[in-house]
Amino acid sequence: LTLARDWGMNVEERPVRVAEVVAAAQAGTLKEAFGAGTAATIAHISVISHEGTDYTLPSVADRTFSTRVLDALDKIKTGELADKFGWIQKI
């Protein structure tokens with residue numbers, strides 16, 4: 001969320017209903033899904049299953065936002081990109 005805001009993107013934080021995800025998958029408008037956590041990385045989700053139906057998401061190669069997030073996090077972790085958010089702590 002912090003990176004998206006920093007990149008000038010509009011960010012909306014709210015609960016997402018399963019029905020919304022399923023409807024977007026059925027309509028072909030669900031383009032990316034990923035998990036993120038305290039390890040400062042992301043894990044792409046390739047399939048979402050609901051009530052016996054699998055919804056396959058586009059290839060990771062076609063995911064521009066999550067790929068950009070992963071790249072930025074990796075570069076911040078390695079010092080290639082400045083950590084302007086104070087996320088990296090030397091111990």
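The values are calculated or read from the model by the stated rules, or taken from the named source; none is laboratory data. This structure is a prediction, so every number in the text was calculated from the model and none was measured. Reconstructed Cβ throughout: ideal geometry from the backbone, glycine too, with neighbour counts over all protein chains shown. SASA here: full protein model, heavy atoms, side chains in, ligands and nucleic acids out. Shrake-Rupley method; radii C 1.70, N 1.55, O 1.52, S 1.80 Å.
Values for this structure:
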read-out: Residue order for Thr56, Thr67 - accessible surface, 1.4 angstrom probe, largest first; value: Thr56, Thr67
read-out: Folded to 0 to 90 degrees: helix 64-78 orientation relative to the chain principal axis, Cα; value: 30 degrees
read-out: Computed [θ] at 222 nm, deg cm²/dmol, the chain (DSSP H ≥ 4; -39,500 (n - 2.57); rounded to nearest 500); value: -9500 deg cm²/dmol
read-out: Surface accessible to a 1.4 Å probe, Ser66 within the full protein complex, Å²; value: 0 Å²
read-out: Stokes-Einstein D in µm²/s, Kirkwood radius over Cα pairs - the range 1-51 at 4 °C with 1.567 mPa s viscosity; value: 100 µm²/s
read-out: The range 20-91: trypsin sites (Lys or Arg not before Pro) in DSSP coil with no more than 16 other Cβ atoms inside 10 Å; value: Lys31, Lys84, Lys90
read-out: Solvent-accessible area, 1.4 Å probe, carbon plus sulfur percent, for the chain; value: 54 percent
read-out: Cα lying deepest toward the dipole's positive end in the chain, options Ala72, Ala24, Ser46, charges on Cβ; value: Ala72
read-out: Residue-level accessible surface for Ile88, protein heavy atoms, 1.4 Å, Å²; value: 80 Å²
read-out: Accessible area in square angstrom per residue, the chain, 1.4 angstrom probe; value: 73 Å²
read-out: Percent breakdown of C-alpha pair distances by 10 Å bin, ordered from the shortest bin, for the chain; value: 14, 41, 31, 12, 2
